[in-house]
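A short worksheet on the structure shown next.
Where a number appears in this text, it was derived from the coordinates with a stated rule and is not lab data. What you see is a predicted model; the values in this text were computed from it and never measured. Note: ideal-geometry Cβ built from the backbone for every residue, glycine included; neighbour counts use all protein chains shown.
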Amino acid sequence: MTTESESSLTPAAPRRSIFNRGALLAFFAGGALAAGVAAIAHGDDIGAWHRGMMMGGAHGTADVAAHVDHVLKHLYVEIDATEAQKAQIGPLVKQAVDDLLPLRAQAQAAHAQAIDSLTQSAVDRAALESARASQIQLMDQGSKRLTQLLADVGDVLTPGQRAQLAAHLKKMHGMPAS
């Protein structure tokens, strides 16, 4: 015999759990996509760990374009993207990378400014603060652009594809299965 409190909790719990799991998967998929695009735009070596490519230094436009194409090909396979989805996602990601690449050079300049201020005979606190403010502004611009990309790509993918992407990314990054 069930009590009134047990019977009222049982039906709602599975629905809430499924919704939360889907929301979490979409969140992780979006975060991972954002991290990947940010790594490409900022020239980080995150993707290089998987292929041994593009280690260190400046990367030319052709290198970045080849890396984006490589990542997108793997993405398409993992989520079983249709040709129509590929035609939409590719330009979205490539435009975001093009928008983010100039921020990389600006971030490097702000970083160099901060380092230079530390090498002076007296610490230039104003220069350090200026570099910090510049970095925050650049991160905000990049974050806004990545959020736009996530929303745009999310509109193209089905909920099932977002779940597939999240599962693949969890596996790649050693996250425990839920």
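Observations on the structure shown:
- Efficiency of FRET between Lys171 and Ala126 - r from beta-carbon atoms, R0 45 angstrom, step 0.05: 0.45
- Theoretical FRET efficiency, 1/(1+(r/R0)^6), r = Cβ-Cβ of Thr158 and Leu118, R0 41 Å, to 0.05: 0.25
- Extending 7 Å from Cα along the Cβ direction at Leu101 and again at Asp140 yields two label points whose distance is 2.6 nm.
- Above 22 Å, the calculated P(r) of the range 75-178 contains 52 percent of its Cα-Cα pairs.
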